[in-house]
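Trainee: There's a structure below that I have some questions on.
The values are calculated or read from the model by the stated rules, or taken from the named source; none is laboratory data. Fair warning: this is a prediction, and the values are worked out from it, not measured in the lab. Cβ placement follows ideal geometry from the backbone for every residue including glycine, while neighbour counts extend to all protein chains displayed. Areas reflect the complete protein model, heavy atoms only, side chains present, ligands, DNA and RNA absent. Shrake-Rupley method; radii C 1.70, N 1.55, O 1.52, S 1.80 Å.
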Amino acid sequence: MKSNWSVVVAALAALCAVASFPQQSNAQLTRDSLAQTPPMGWNSWNKFACNVSEDLIKSVADSMASNGMKEAGYQYVVIDDCWQISRDENGNIIADPQRFASGIKALADYVHSKGLKFGLYSDAGSKTCQGRPGSQGHEFQDALQYARWGVDYLKYDWCNTETRNAQEAYSTMSRALLDTARPIVFSMCEWGTAKPWLWGKGIGNLWRTTGDISDKWSSMKKWPDGSCCEYGMVDILDQQVGLESFAGPGHWNDPDMLEVGNGGMSTPEYRAHFSFWALLAAPLMAGNDVRSMSPETKEILTNTEVIAINQDKIGREGHRVKKDGELEVWSKTLADGSRAVILFNRGTSEAEVKVAWEDIGYPAHLSAKVRDLWAHKDLGASTGSFSAKVTSHSVVMVKIAP
Ligand code: GLA
């Protein structure tokens, strides 16, 4: 028979569990049940790097809640590297007390009060890429801390992992997060080195497929240590070819965060960037200063017709269906059988780009309605093919619906 004490202890433990995770009675939480459509949000790294603070995060959350981004579907506000500074004598992770004076729990509460979700960053190695404490050997302790703080999303990097096996490392943290019973989206940032698309389903909700994006149309700059690379937008795009069969609800290829609005590309180039990320069913994580966007940037990031392509519930990743020198056609199959199609011109002068119905799996005799998703205009019905003039370094993006 149980002693009175053990009954009291068991009752208290049950109460604590309920009190810390009131909405999570579900012991069956599975990885793939999260991120049923590609996650949308904002991440601090591309624009702010290590210059993160609670003031920044609060003002970003304020803006996202009032500038149309939240309504357009952006949810997660994610602090990337540099929020953490050390561990205490018990190994608990400590946030930088200068930059996050009120603590991470208060910040997560603030973000939640705006109707948004909150994310953090860590690393599978001993240290993060910026030399802050990593989670290696502290996975379950960190996961519990994140859950107590109210974290909804974890980006998990791959610096300083030495000989660690990627599948083991990411499985361990995935399990630790699930064991908290809090639904925490798990973003694997392994840069594609160990081909995470082959084993990541059920472990991560998204996995980076390449090295870091940079705010350029095209570039392949090596890192200072000689390893490869910091890529331009089209170099990342090219590396997505052939990966489309690995993505689906709960498990997405991640070609890295958006650079839209950061200044290194023209408006048509950013439109192309956003169109492709939408078609690739990529996570749409804005990486600019959303507190002070130009009208052009805002129009790109909140184009709900393009976002609807990204968030289509069947979760098919689009792919390249035709390449003719600098001219390409990409297509994504949507839940209702229609297609989102990108006519792409990488060249330096305007050109006509044509999609034939056979390129997108339709019989040539089919009549289909064509809608321009950037001009927000119905272009009437076409039979057999559709073509449009596409200016240099830009796209025409249409929805083709039989
Ligand atoms: C790596 C990641 C980036 C970013 C930085 C932070 O380079 O790939 O996305 O998180 O680390 O240090």
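Trainee: Could you tell me how many degrees, from 0 to 90 and to the nearest 10, lie between the Cα long axis of helix 4-20 and the main elongation axis, the longest principal axis, of the Cα atoms of the chain?
Mentor: 30 degrees
Trainee: Mind running the shape call on the stretch 84-158? Use the C-alpha gyration tensor, a ≥ b ≥ c as the square roots of the eigenvalues: rounded below 1.5 for a/c, prolate if a/b tops b/c, oblate otherwise.
Mentor: Cα axes put the stretch 84-158 in the prolate bin.
Trainee: Report, in listed order, any pair from K70/K399; K195/K222; K322/K399; K105/K298; K58/K332 with a Cα-Cα distance greater than 27 Å.
Mentor: Pairs exceeding 27 Å: K105/K298; K58/K332.
Trainee: While we're here: Relative to the longest principal axis of the chain, what angle (0 to 90°, nearest 10) does the C-alpha long axis of helix 267-279 take?
Mentor: Once rounded, one gets 70 degrees.
Trainee: Report, in degrees rounded to the nearest 10, the 0 to 90 angle that the Cα long axis of helix 54-66 makes with the longest principal axis of the chain.
Mentor: 50 degrees
Trainee: For T30, what is the net charge nearby, where nearby means another residue's Cβ is under 14 Å from its Cβ and Lys, Arg count +1, Asp, Glu -1?
Mentor: Its environment carries a net charge of +2.
Trainee: Using only the Cα atoms of the stretch 290-353, build the gyration tensor, take square roots of its eigenvalues as a ≥ b ≥ c, and label the shape rounded, prolate or oblate: rounded if a/c is under 1.5, else prolate if a/b is larger than b/c, else oblate.
Mentor: oblate
Trainee: Follow-up question, since we're still on this one. Round to a whole angstrom and tell me the spacing of the C-alpha centers of the stretch 153-228 and the stretch 333-402.
Mentor: Distance between centres, Cα-based: 34 Å.
Trainee: If you don't mind, another one. Cβ neighbours within 10 Å, averaged per peptide: list 55-61, 210-216, 200-206 in order, most packed at the top.
Mentor: Answer by packing, highest mean first, reads 200-206, 210-216, 55-61.
Trainee: Another question, if that's okay. I'd like to know how the stretch 108-195 sits against the 2.2 N^0.38 Å rule of thumb: what's its Cα Rg over that expected value?
Mentor: 1.07
Trainee: How high is the relative contact order of the stretch 98-232? Use alpha-carbon pairs under 8 Å, at least six apart in sequence, and give a whole percent.
Mentor: 18 percent
Trainee: Please compute the contact order of the chain in relative form: average sequence separation of alpha-carbon pairs under 8 Å and at least six residues apart, divided by the residue count, as a percent.
Mentor: Contact order relative to length: 13 percent.
Trainee: Can I ask one more? Per DSSP H run of at least 4 residues, take -39500 (n - 2.57); add these up for the chain, divide by its residues and hand me the 222 nm value, nearest 500 deg cm²/dmol.
Mentor: Rounded to the nearest 500, the figure is -7500 deg cm²/dmol.
Trainee: Report, to two decimal places, the Cα Rg of the chain normalised by 2.2 N^0.38 Å (N = number of residues).
Mentor: Compactness ratio reported: 1.04.
Trainee: Here's a follow-up. Heavy-atom accessible area per residue, the chain, 1.4 Å probe: how many Å²?
Mentor: In whole numbers, the chain has 41 Å² accessible per residue.
Trainee: Rounded, prolate or oblate for the stretch 56-114? Axes are the square roots of the Cα gyration tensor eigenvalues, ordered a ≥ b ≥ c, and the cut-off for rounded is a/c under 1.5.
Mentor: Prolate shape, in that a/c is at least 1.5 and a/b is the bigger ratio.
Trainee: Let me ask another. What percent do you get for the relative contact order of the stretch 293-339 when only Cα pairs under 8 Å and 6+ apart count?
Mentor: Relative contact order for the stretch 293-339 comes out at 28 percent.
Trainee: Which lysines does K155 reach when only Cα atoms under 17 Å apart count, and residues fewer than 8 places away in its own chain are ignored?
Mentor: K47, K117, K127, K201
Trainee: Same structure, new question: Taking the Cα-to-Cβ direction at S367 and at S66 and moving 7 Å from each Cα, how far apart do the two end points lie in nm?
Mentor: Between S367 and S66, the simple spin-label model gives 5.0 nm.
Trainee: Okay, next question. Roughly to the nearest percent, how much of the accessible area of the stretch 185-284 is carbon and sulfur, given a 1.4 Å probe?
Mentor: The value for the stretch 185-284 is 54 percent carbon and sulfur by accessible area.
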